[in-house]
Structures are given as C-alpha cells and as structure tokens.
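Undergrad: To start, I am sharing the structure in question, which I have written as structure tokens.
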Amino acid sequence: MDDHALLEAARGGDRAALEAFIERHQSRVLRFGLKMCRDSEDARDVAQETLLAAARGIARFREASSPSTWLYTIARSFCIKKRRRSKFAPAALVPLEGEDHEAALEVPDPGRGPEQALDDRRLAAALDAVISALDPKYREILLLRDVEGLAASEVAEVTGLGVEAVKSRLHRARVQVRERLAPLLGRVPAQGSGCPDILRLFSRHLEDEIDPATCAEMERHLASCPRCAAACDSLKRVLSVCRTSPAPAVPEALQDSVRAGIRAFLARSHSLPRGRSRSSS
C-alpha cells in the first residue's frame, strides 16, 4: 500500500495501517532530527514526538500535501522547540580531519578502489560536520532538499517560506558547503576575470532557474574553463553524497515507545462516546 492508502485506512481505524505508515517513515524522521538537533537524545525525542503527533493528528492530514511533507512539517516544529530549549553545538566549524571522521561510516563498497573508498568516507563524514555547522535556516533547507529529496515547493510548504526564498537559501547553503569542504575536494584556482559566479549559477541550473540561452552560455564556459568545470564537478559530488546519506537504524526502544503511544492513543479514542471530541474529555 502506498502512503495515501495507508493513511486512508488509518483514518478508518486500521491500527496496523497506522503502524505501517509510522514504521515506513521513522528512520527518515530520525535522520532529519539528528542533523537538525545535532544531539542524539534530542533527535530521539523529536522523532518520538513527531511520530506520536502524526498518529494523533491523522484525521487532520490534508490530501493536498504529500505525507512526507506533512511529517517533516511536524518534525521541524519540534526541532525548533528543541532549539529554543537546548544549547546547540558551537557555531565554529568542526575540523575536517581527525580520527573520529574515518570511523564514522560503514565499511565501503568493495567494488570501489581503496583510495576512492577512503576519500568517499572522509568526504561523507566531513560533509555531515559541515552541514551541522550551517546556520539552522540554511541547514534545514539543504537537508530537506538535498538529503531528504523534497521538491523546492514542498520545502516551501514545510518551512512556510516562498519558493524563491527557499531556492535563495538553498544556493547559498550549497556554495557554503562546497567552500568549507575545499580542503578535501581540492582548492580551485582563483576565478578568472571573465568567470561567472559558477557555483551559484550551476546550483540555479539544477533547480531549473536559468533559461536555455543562459544554460548554453554556461556550458560553453565550462567547456573552456577547467577551473569552473572542476568547481561544478566537486559540487555535483557533494550533492551526490548528500542524496545517498543512509537513514539511521531506529533504536528498538524508540520503536517500542512509539508503538505503545499509538496503542494508548487509539485505545483512549475508541473509549470515548461517539461524537465526543478528545479535547472535551
């Protein structure tokens, strides 16, 4: 069953459908919480609160939104509450090199060469650190668009921003990430006097914001400018790593807690007299 079918069944009182929907999305909600909160305990709280709030509010889901957009909207609100109550990690950038980074990821794909695999592991770990160090207003946009894969219009719905504002923050976030990863990606030679702001232009191209004539001009420039071509290739590599970021395993204790909360809510709902709202109890 797809998400809409599960939600429709859940609204009809199908507990199994509701639990299936929650289990399908819980790892992505936890990943979003981990990257936004930068604290595993806070992230687990956000995930639990989000999933239980979704279960309680299932009747209020609007079909005009996608189920994932609805969930991220709820998760974002809990992240903001956590941010107000908790101290985030220091604003300074986390160093891009260190023993902990290499141990942070899973065993590399055996089909890749050892040097490339090591480079990928270092880049993925450093990328996580750099994203964590972004200003929250840029971090959430990058996470929703480039890690979670929402369309710009969906990110706008989650954040309450206009699509143009989302794209503006997205371009700035992408450029900042690329610049901060320069020690691993390789320093690009100084921009020539005739070079455009290629990273921002390329980011806009990825969002279909430039017209065909501008796109053709950009492609001609990239064909003749190794410096700009290398910069765009490195940004593509960063975005590729973002989009293949693995969702974390959800702790059994968290899953059990959410299931118990859902069952308690459903039991309470079914015990109310017909026509009586929960708020009146």
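Just so it is clear, none of the values below were taken in a lab; they were calculated from the coordinates. These numbers come from a predicted model, not from an experiment. Cβ: placed from backbone, ideal geometry, glycine included. Neighbour counts: every protein chain shown.
Undergrad: Summing +1 for each Lys or Arg and -1 for each Asp or Glu, what net charge is found among the other residues whose Cβ lies under 9 Å from the Cβ of Thr69?
TA: Around Thr69, the charge tally is -2.
Undergrad: Let me ask something additional. Once you place label points 7 Å from the Cα toward the Cβ at Arg84 and Ala16, how far apart are they in nm?
TA: Once both label points are built, they end up 4.1 nm from each other.
Undergrad: Suppose R0 equals 45 Å. What FRET efficiency, 1/(1 + (r/R0)^6) with r the Cβ-Cβ distance, do Lys236 and Ala264 give to the nearest 0.05?
TA: 0.45
Undergrad: Please name which of Ser132, His171, Ser153 has its Cα lying farthest along the dipole of the stretch 123-171 towards the positive end, using unit charges on Cβ (Lys, Arg +1; Asp, Glu -1) and the Cα centre as origin.
TA: Sorting the options by dipole projection puts first His171.
Undergrad: Related question: Can you pull the percent of Cα pairs in the stretch 188-254 with separation above 19 Å?
TA: I get 43 percent for the Cα pairs in the stretch 188-254 exceeding 19 Å.
Undergrad: Now for a different question. How many times 2.2 N^0.38 Å is the alpha carbon radius of gyration of the stretch 131-244?
TA: For the stretch 131-244, the normalised Cα radius of gyration comes out at 1.07.
Undergrad: Mind checking the dipole of the stretch 126-257: about its Cα centre, +1 per Lys or Arg Cβ, -1 per Asp or Glu Cβ, Debye to the nearest 20?
TA: I would put it at about 640 debye.
Undergrad: Tally Lys and Arg at +1 and Asp and Glu at -1 over the other residues with C-beta under 12 Å from the C-beta of Ala20: what net charge comes out?
TA: My count for the surroundings of Ala20 gives -2.
Undergrad: Could you work out the local net charge near Val155, counting Lys and Arg as +1, Asp and Glu as -1, over the other residues with Cβ closer than 15 Å to its Cβ?
TA: +2
Undergrad: For the stretch 134-176, what size does the Cα cloud have along each of its three principal axes, sorted from largest down, in whole Å?
TA: Dimensions of the stretch 134-176 along the principal axes of its Cα atoms: 23, 18, 14 Å.
Undergrad: Using r as the Cβ-Cβ distance of Arg62 and Ser224, and R0 as 41 Å, what FRET efficiency do you calculate, to the nearest 0.05?
TA: Approximately 0.25, to the nearest 0.05.
Undergrad: Charges only on Cβ, +1 for Lys and Arg, -1 for Asp and Glu: so what's the dipole of the stretch 1-43 about the Cα centre, in debye to the nearest 20?
TA: 160 debye
Undergrad: Sticking with this one: State the three equivalent ellipsoid semi-axes of the stretch 8-54, derived from the C-alpha gyration tensor as the square roots of 5 times its eigenvalues, in descending order and whole Å.
TA: So the three semi-axes of the stretch 8-54 are 24, 9, 7 Å.
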